[in-house]
Every structure is written in structure tokens, then in C-alpha cells.
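Enquirer: Before I ask anything, here is the structure I am working with.
The values are calculated or read from the model by the stated rules, or taken from the named source; none is laboratory data. Just so it is clear, the structure is predicted and the values come from calculations on it, not from any experiment. Counting neighbours? That spans all protein chains shown, and the Cβs are built from the backbone with ideal geometry, glycine included. The accessibility values were calculated without ligands, DNA or RNA, using every heavy atom of the protein model including side chains. Shrake-Rupley method; radii C 1.70, N 1.55, O 1.52, S 1.80 Å.
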Amino acid sequence: MHKRFCAATALTLFLSFSLSTVAQRLPTTVAPTHYTLALTPDLKAATFSGVESIDINLKEPANSITLNAIEITFQSVTIDSHGAEQTGTVSLDPGRQQATFTFPNTIAEGRATIKTRYTGILNDQLRGFYLSKTAKRSYAVTQFEPTDARRAFPSFDEPAMKATFDISLEIDAGDTAISNSGMVSDKPGPDAGKHTLVFGTTPKMSTYLVAFLVGDFECQTGEQDGVALGVCATPDKVVLAPFALDVAKFALHYYDTYFGIHFPLKKLDLIGIPDFAAGAMENFGAITFREDVLLIDPKTTAVASQTLAAVDIVHEIAHQWFGDLVTLAWWDNVWLNEGFATWMENKAVAAMHSEWEIPQMAAGEEDNTLNIDAQPTTRAIRAKADTPDEINQAFDEIAYGKAGDVLLMVENYLGEETFRKGVHAYLAAHEFSNATAEDFWKAQTATSHKPVDKIMESMVAQPGVPILAFGVPADGKVSVTQQRFYLSPAIKPDANQKWTLPVCFKNSATVSSSDATSGALSNVPPRPGWFGAAITGGSASPVQRASSGSLSCDLLTPGANTLRIPASSLFFANVDGKGYYRSAYLPEQYAELVAHVESGLTPVERISLAGDEWAQVRANKANVGDYLNLVAALRSDPSAQVLTEVSGGIGTIAYEVASTEEERDALGAWIRHNFEPAYTKLGSPAAGDTHNTLQLRAGLFLLLGYIGNDDAIVANARKIADQYLADPHAVDATLGAAALGIAAEMAMPRCSTSCRQSTKHRPIPHGGRKHCNCS
Ligand SMILES: [Zn+2]
């Protein structure tokens with residue numbers, strides 16, 4: 001599933017029965033091998049009927065068989081075993097979401113086939129087999145992850161109980177259906193006004209990945225690496241399919257090559273669903289999406305939204321390997337699916353669109369994850385998840401973001417090719433089967449001969465973020481202490497909690513040529529009194545320009561208090577920002593980094609440094625003045641994502657730290673003074689503008705409009721917003737979206753100071769804007 005619509009998880013939680021808090025694993029004495037499923041949905045009556053047979057293997061003789069079923073009414077249950085058929089009785093346990101079939105005679109060990117006839121409900125709760133509605137009509141669609149296949153067909157609904165599936169659907173004439181495999185036949189009947197679609201046998205897969213969708217879907221099709229691709233939607237929306245089709249083609253080929261394992265099905269459909277709670281769902285061969293995630297017009301869509309759409313699409317396609325081909329053995333390792341897809345989504349989109357600055361975007365997201373993980377309420381990546389409620393709660397930022405960040409750190413430490421070989425070994429060893437966390441890090445440890453098991457165990461089993469405090473670097477080493485970092489200054493960390501992790505330093509290869517950008521701080525006007533400490537000096541020694549080069553990493557272990565460091569003119573302890581930790585520098589090292597931030601650090605490293613400093617301001621371990629010195633040094637930064645990163649901190653200073661109008665006015669003047677030159681230099685949108693330039697202009701526009709209260713910007717925002725509303729093609733969509741935000745803000749009654757200071761008000765978009773709602 002995709003994370004950006006975590007409301008889906010909340011919704012599922014809300015809908016979950018309170019009864020479902022009972023632990024409810026199935027016995028392991030019965031294993032399914034194949035399902036034959038014939039379904040007849042009645043969209044008008046919002047019901048469906050099913051005829052199902054399940055081939056099973058009994059490890060020992062039994063008189064009863066227990067599987068998952070909820071909101072299912074059984075008409076009949078029989079079992080064939082060793083040539084004898086008998087009829088069973090059904091007892092339901094709604095609390096455990098289980099049904100038990102009991103038979104008069106003992107069923108022998110070995111193969112048997114259960115046959116059931118049943119009816120169910122096409123519900124309106126966006127899970128199981130449900131009705132999705134537009135103004136014109138209804139669609140019958142599915143969403144099974146994690147525990148809702150049992151609402152559509154009686155099943156051994158656990159991820160490790162993989163089986164093959166033969167699915168057929170009897171549907172209204174004029175409608176079509178899509179399922180995991182391609183259609184193999186389409187025949188009229190058997191009932192009048194109906195036709196029956198039969199789909200090919202699926203590979204061995206988990207129940208939560210089964211999908212069937214019924215309605216008047218239309219598709220645009222293509223082909224990549226011998227796989228038939230389709231992007232499908234309601235008839236009015238299918239015109240918007242080309243963007244997704246292009247992304248899917250790229251991703252499929254990229255993954256075929258990267259994993260060294262060909263996409264395991266003959267076809268892959270991506271389907272936009274009118275009502276869909278999750279952002280997207282990686283059903284094997286039939287990925288479902290919310291329409292607005294899949295179907296976009298790049299001409300009228302802001303670049304940030306295009307990026308997110310592409311990221312969502314490649315995330316789900318990555319799941320076809322991580323999740324569908326190789327599946328978590330149980331839901332305590334949700335990160336094995338979601339962390340991998342999150343790590344891979346950035347890699348694939350960065351390969352497709354290097355100009356989209358994906359590593360910078362990922363660095364901003366990592367900063368956000370580090371802050372979530374610095375709350376006392378965080379959890380370890382691997383966590384107990386037994387009931388449907390607990391399983392749903394496991395789909396959080398820790399399983400997605402933190403796990404993805406940890407994989408990025410390990411990949412950076414091992415090197416991309418070594419890591420890729422480990423990924424291939426892991427997937428090849430467990431294809432069409434299941435895996436645990438240990439399976440993954442054993443494969444990586446064996447491939448790399450480095451202690452990946454120790455690093456991953458340390459990161460996966462422990463909650464929280466380490467902060468590494470460095471001493472003065474000298475003689476090829478630096479002293480370091482590690483402890484858990486909390487954003488709340490009131491929380492005392494447990495002195496015994498330590499991590500094993502790689503720490504990578506700038507070296508003379510990554511900081512090479514002399515190119516001082518002195519004077520970055522000389523332009524800073526006096527700050528309002530509440531800004532805190534004096535501006536640190538701009539005592540610039542000759543600075544070095546960042547360039548690519550070999551990594552210099554050392555492994556921090558729980559007992560270590562020094563690390564080996566390479567020769568370098570600039571001390572920076574998180575190369576490429578890929579380490580999952582916060583760094584704390586001595587004042588003189590921090591001042592050096594600020595003085596040389598534009599020339600000595602890469603954009604991703606600037607985001608990492610700004611994130612670390614702002615987090616320490618929040619934790620009362622650094623002051624606002626030191627942070628604003630860094631912001632001033634970044635005022636001409638060419639990267640839109642760097643500006644986005646510091647805009648988050650500035651917005652909080654304006655609305656949560658500043659306590660008077662005078663302080664906010666002073667901050668506004670300071671913003672205008674520092675950032676107007678960069679905005680002016682960019683000029684108006686032009687045909688050749690890069691994705692980054694479009695976003696940088698919009699970001700400066702927002703900053704100057706919201707916090708700078710720049711009269712000219714605000715007036716211009718109203719004009720651009722009017723043009724954009726009248727004709728989305730008339731202005732650049734990225735600037736248009738920013739202008740709409742400013743115009744809406746200015747149209748609202750001015751918020752009171754207390755409201756502007758409240759957490760309800762977030763004027764700078766940082767993953768979504770919330771209005772002041774106190775007026
Ligand atoms: Zn996912």
C-alpha cells in the first residue's frame with residue numbers, strides 16, 4: 001500500500017470491529033495450495049454470491065478445518081478427501097474472523113478439497129469486496145490488504161499461506177472485469193444478460209494480493225519487456241492514462257534489470273478507482289490507485305504533484321517483487337514490504353528523472369521521519385502485530401520511512417552494486433515464498449562480508465533516533481558519544497541504549513577544490529532580540545567544492561568512543577545525508593560548516609545539516625540564532641528542496657516562536673532582505689525552466705508572500721491565482737498552485753495571534769497546508 005494517504009489506515013482502524021482484538025492466527029496443520037473462485041456480483045443489490053473450492057494439504061488427520069471468513073453466509077460446505085465426499089457444518093467466530101467446518105468422519109492426512117457456496121455483501125466501507133460509486137454508476141472492486149480477503153472469499157488469509165488462484169466472474173453484459181492474471185475466455189451467460197470472464201491461473205501468492213474489479217473500465221495499453229501493460233480507468237478519465245503508462249514502462253524495465261529477476265506475470269494493469277481509501281495497492285498484476293494519484297495531466301499539474309504520482313506508481317510496481325513475489329512471513333515485518341518499496345521508489349524515479357532532484361526530496365522526507373522517530377510514542381521497525389487492529393497500525397512512517405532510510409544507509413555503506421547483489425540473492429532465494437528480516441540481512445551479510453546483520457538488528461529492533469556528538473577532529477580520528485535523541489527537552493534518554501551504525505565522513509576526494517564563498521553571512525542584518533545568540537563569525541578559510549569521490553566510513557559500535565576519519569578540510573559526519581542519525585557539532589565546527597555550506601556540502605548534505613540543527617533547536621540543544629545563520633547562508637541556494645527544508649523551520653519560527661507582531665514584522669523584513677534577490681534573479685516562468693527552477697520560484701514566492709508579507713508578491717499572487725482559476729493552461733501550474741495558496745490565505749480574515757501560534761496553523765506547505773481555522 002502507499003503511505004501518503006495514511007487517512008486510509010485511520011479509516012480502517014475506525015471501522016475495525018472492537019471484537020477483532022482477539023489474537024487469531026490459524027492452525028498451521030492445514031495448508032492451501034489452490035483456490036478456484038467463481039463470483040457473481042449484483043451491483044444493484046450490493047451483494048455477491050460465490051462458488052469456491054480450495055485444495056488443501058492436511059499435515060495430520062482432522063475432523064474440522066478452520067479458516068478466515070467474516071460477513072459471509074454459507075449455503076453449503078463439503079469436503080473431498082481420498083475419493084470420499086462428506087458434508088460439513090459451519091460454526092462462525094466473528095471475533096476471530098474465522099469459520100470452522102466440522103465433518104462427521106475424520107479427514108485423512110494429505111490432500112483434500114473444500115467446496116463452499118456462499119453469499120456476501122458488496123459493502124460501502126472501502127475494504128473487502130466493495131462498491132465504489134461515481135455520479136453515473138457503481139463499480140465492484142477489492143481492497144484486501146491486510147486482512148480483508150476473508151470478506152470476499154473464505155480463505156486461509158495469512159501472508160505465508162500462499163496458493164495459486166483460478167478466478168472467474170459472471171457480470172452484466174456491457175461491463176468488463178480485471179483481475180490478477182489476464183483474461184483467458186469471455187462467454188455469454190450462464191444467466192440472461194450476463195457474461196462470464198475467466199482469468200488465467202495466478203502464480204503462488206498471498207490472499208491479500210488477490211484483486212477483482214467490475215465495471216465499465218477502459219484501458220490504454222502498451223508493452224514492455226514482453227509484459228502487456230494497461231492503465232485503466234472509468235471511461236471519462238482514461239484519456240489521462242499516458243503519464244502513468246510512461247512511468248510504468250520505465251519502472252518495469254528498470255526493475256527487471258536491477259533485480260535481475262523478470263517481472264513474473266504476463267500482464268500488469270494499473271487501475272484508477274473512484275472511491276479508494278489507500279493511496280494505492282500493489283495487488284499482483286492488478287495495481288489499484290486512487291484516481292488522482294494515477295491519472296494526471298502533466299500540463300496542468302504542479303511539478304510536486306507529478307513527482308508524487310510517479311513515486312506512487314513506481315512504489316507499487318516495486319512491490320511486485322518486494323511483497324508480491326517475496327512476501328513478509330508475518331505482519332510484524334511490514335517494513336520488509338514497505339521499507340523496501342519506499343527505498344526503491346526514490347531510486348527508480350531518480351533514474352527516470354534526474355532533474356526532479358529526488359535525493360533532495362528524499363532527504364527532506366528523512367528529516368521528517370527522524371522527527372517522528374524522536375517522539376516518545378515511536379516504535380521499533382519490527383513490532384508485534386497479531387490482531388487486525390495491530391496489523392493496520394503497523395503501516396506507519398516507521399515501517400515506510402524509517403525502514404527505507406535504514407536500507408539507504410546500508411546501501412551507501414556497502415556500495416550500490418554490492419547491495420544490489422544482496423537484494424538479488426534475497427529475492428532469488430525466496431521467490432513465490434515468504435521471508436523474515438533475518439533472511440534479508442543474512443543475505444546481505446553473506447554477499448558483502450560486512451556486519452549488516454549487526455547494523456540492521458540494531459536499527460530494526462530498537463526504537464528511536466541516535467544523536468552523535470562529535471569532538472574536535474584531529475590526527476585522523478574524532479571522539480564521539482551516542483545517545484537517543486528526543487525532540488522534547490524534558491525526556492532523559494536511557495544511557496544504555498546504543499546502536500551499531502556506519503558513520504561516513506567528508507574526505508579530501510568529496511571536498512576537493514578551493515572555492516571560498518565568503519561573505520555569505522556578511523549580508524545578515526541585525527536580528528530581532530529574540531533570535532538568540534550572536535551571529536557566528538564568517539571566518540572563512542579557503543573552502544572546497546563538493547564533488548563525488550570514495551566514501552570514508554567507520555562503524556560505530558555501542559562500545560566505541562572514537563571513529564577514524566579521513567583527511568579533509570571540512571568536518572562533516574553524514575556524507576550524502578544517508579546516515580540515520582542526528583549529528584551535533586562543536587560550535588567552531590558548526591560555524592565552519594555554515595561558512596562553507598554552499599561550496600563544501602552537496603544539496604542533500606545541506607538539507608541534512610539544516611534538519612539536524614532545527615531538530616536541536618526544537619530540543620533546546622541549539623538556538624534560533626545559530627539556525628538562522630545557516631538559513632541566511634542558504635539564501636541563494638539553487639536547490640528548491642533546500643529552500644523547502646528551511647521554509648519549514650522559518651514557518652515555525654514565525655508562527656510558534658515569534659510572540660509579537662513586531663517580532664513577526666522583523667522576521668518578515670529579514671526574509672525579504674535575504675530572499676528577494678534570489679526571487680528577482682529567477683524572473684518570470686519561461687519555457688525552458690527546469691523542474692527545480694519551477695519549484696524554487698514557487699518556494700521563494702510562498703516564503704516571501706507568507707512570511708515576508710511582501711506587498712508586490714501578494715498582489716501578484718492574487719493576479720496569478722485569478723488567471724490560474726480561469727484557465728489552468730494560462731500560467732505555470734507550480735506557480736499557480738503557490739499563488740492560490742497565498743491568495744486563499746490573504747482572503748481569510750486575519751488570524752488572531754493565539755491562532756497563528758497554534759499548531760492548527762501551518763502557513764508554509766511542508767507536506768500539506770492547513771488553514772488557520774480560529775477566525
Ligand atoms: Zn507500499
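Enquirer: In square angstrom, rounded to the nearest 10, how much accessible surface does Thr201 have for a 1.4 Å probe?
Expert: Probe radius 1.4 Å; accessible area of Thr201 about 80 Å².
Enquirer: For the range 90-233, give the magnitude of the charge dipole about the Cα centre (Cβ charges: +1 Lys/Arg, -1 Asp/Glu; no others), in debye to the nearest 20.
Expert: Dipole of the range 90-233, to the nearest 20 debye: 400 debye.
Enquirer: Compute the angle between helix 603-618 and the longest alpha-carbon principal axis of the chain, please, reported from 0 to 90 degrees and rounded to the nearest 10.
Expert: 80
Enquirer: What number comes out for the charge environment of Glu109, summing +1 per Lys or Arg and -1 per Asp or Glu over other residues with Cβ under 10 Å away?
Expert: Values: positive: Lys59, Arg111; negative: Glu60.
Charge balance near Glu109 sits at +1.
Enquirer: Of the heavy-atom accessible surface of the chain (probe 1.4 angstrom), what whole percent is carbon and sulfur?
Expert: Details: 15250 of 28530 Å².
Using a 1.4 Å probe with all protein chains present, the chain comes out at 53 percent carbon and sulfur.
Enquirer: May I ask you to order 98-106, 288-296 by the average number of other C-beta atoms within 10 Å around their residues, highest value first?
Expert: Details: 98-106: 16.3, 288-296: 22.9.
Descending packing order for the listed peptides: 288-296, 98-106.
Enquirer: Also, quick follow-up: Roughly how far apart, in whole Å, are the Cα centres of the range 110-177 and the range 611-648?
Expert: Distance between centres, Cα-based: 50 Å.
Enquirer: Next question, about the same structure. Taking the Cβ-Cβ separation of Ala490 and Glu431 as r and a Förster radius of 45 Å, what is the calculated FRET efficiency to the nearest 0.05?
Expert: Details: r = 49 Å, r/R0 = 1.09.
With R0 = 45 Å, the Cβ-Cβ based efficiency is 0.40.
Enquirer: Enumerate by residue number the trypsin sites (Lys or Arg not before Pro) in the range 70-139 meeting two conditions: DSSP loop (anything except H, G, I, E, B), and at most 15 other Cβ atoms within 10 Å of the site's Cβ.
Expert: Sites meeting the loop and neighbour criteria: Lys136, Arg137.
Enquirer: Okay, moving on. Taking 0.36 nm per residue of separation and subtracting the Cα-Cα distance, what length does fully extending Asn63 through His34 add?
Expert: Working: separation 29, 0.36 × 29 = 10.44 nm, distance 2.09 nm.
Between Asn63 and His34, full extension yields 8.4 nm more.
Enquirer: Here is a follow-up. What full-extension length gain, to one decimal in nm, is calculated for Ala160 and Thr690 as 0.36 nm per residue of separation minus the Cα-Cα distance?
Expert: Details: separation 530, 0.36 × 530 = 190.80 nm, distance 4.61 nm.
Separation in residues times 0.36 nm, less the Cα-Cα distance, equals 186.2 nm.
Enquirer: Additional query: If the only charges are +1 at each Lys and Arg Cβ and -1 at each Asp and Glu Cβ, what is the size of the charge dipole of the chain around the Cα centre, to the nearest 20 debye?
Expert: Values: 61 positive and 86 negative charges, 212 e Å.
With Lys and Arg at +1 and Asp and Glu at -1, about 1020 debye.
Enquirer: Post the alpha-carbon centroid distance, the range 696-713 to the range 338-356, in whole angstrom.
Expert: Cα centres, the range 696-713 to the range 338-356: 30 Å.
Enquirer: Assuming R0 = 22 Å, what is the FRET efficiency of Gln220 and Asp297, from their Cβ-Cβ distance, to the nearest 0.05?
Expert: Working: r = 14 Å, r/R0 = 0.63.
Computed FRET efficiency for Gln220 and Asp297: 0.95.
Enquirer: Let me ask another. Among 205-214, 29-38, 187-196, how do they line up by average Cβ neighbours within 10 Å per residue, starting with the highest? Let's see the in-between values first.
Expert: Working: 205-214: 25.1, 29-38: 18.3, 187-196: 12.5.
Those peptides, ordered most packed to least, come out 205-214, 29-38, 187-196.
Enquirer: Estimate the FRET efficiency between Thr73 and Ala192 by the formula 1/(1 + (r/R0)^6), using the beta-carbon distance for r and 30 Å for R0, to the nearest 0.05.
Expert: Given R0 = 30 Å and the Cβ-Cβ separation, E is 0.75.
Enquirer: Which is farthest toward the positive dipole end of the chain among Met361, Val731, Gly611, measuring Cα position about the Cα centre, with Cβ charges +1 (Lys, Arg) and -1 (Asp, Glu)?
Expert: Gly611
Enquirer: Report the gain in length on full extension from His424 to Gln375: 0.36 nm times residue separation, minus Cα-Cα distance, nm rounded to one decimal. Numbers along the way, then the final one.
Expert: Numbers: separation 49, 0.36 × 49 = 17.64 nm, distance 3.49 nm.
Once the chain is fully extended between His424 and Gln375, it gains 14.1 nm.
Enquirer: Under a point-charge model restricted to the Cβ atoms of Lys and Arg (+1) and Asp and Glu (-1), what is the dipole moment magnitude of the range 302-445 relative to its Cα centre, in debye to the nearest 20? Could you put the intermediate results ahead of the total?
Expert: Values: 8 positive and 24 negative charges, 77 e Å.
Approximately 380 debye in magnitude.
Enquirer: Okay, next question. Could you point to the residue in Leu586, Ala712, Phe101 farthest towards the positive end of the chain's charge dipole, with +1 and -1 charges on the Cβ of Lys/Arg and Asp/Glu respectively?
Expert: The residue sitting farthest along the positive end of the dipole is Leu586.
Enquirer: Using packing as a proxy for protection, rank 641-647, 87-93 so that the peptide with the highest average count of other Cβ atoms within 10 Å comes first. Can you show the working numbers first?
Expert: Values: 641-647: 25.3, 87-93: 15.3.
Those peptides, ordered most packed to least, come out 641-647, 87-93.
Enquirer: Now, a different point. Say each of Gln497 and Ala173 gets a label point 7 Å from the Cα, pointing the same way as Cα to Cβ; how far apart are those two points in nm?
Expert: Label at Gln497, label at Ala173, 6.6 nm between them.
Enquirer: Keeping every protein chain in place, order Met361, Met459, Met183 by accessible area at 1.4 Å, biggest value first, i.e. largest first. Present the calculation step by step, with values, prior to reporting the outcome.
Expert: Working: Met361 25, Met459 0, Met183 90 Å².
Result of the area sort, largest leading: Met183, Met361, Met459.
Enquirer: Now for a separate question. Just need the relative contact order of the chain here, percent rounded to a whole number, with Cα pairs under 8 Å and 6+ apart.
Expert: 9
Enquirer: If you average the C-alpha positions of the range 277-309 and of the range 466-506 separately, how far apart do those two centres end up, in angstrom?
Expert: 39
Enquirer: With every protein chain left in place, what is the accessible area per residue of the chain in square angstrom, probe 1.4 Å? It would help to have the intermediate numbers written out before the result.
Expert: On the way: 28530 Å² over 775 residues.
Counting only protein heavy atoms, the per-residue value for the chain is 37 Å².
Enquirer: Let me ask something else. Taking Cα pairs under 8 Å and at least six residues apart, what relative contact order does the range 555-711 come out at, in percent?
Expert: Details: 122 pairs, mean separation 30.1, N = 157.
RCO, the range 555-711: 19 percent.
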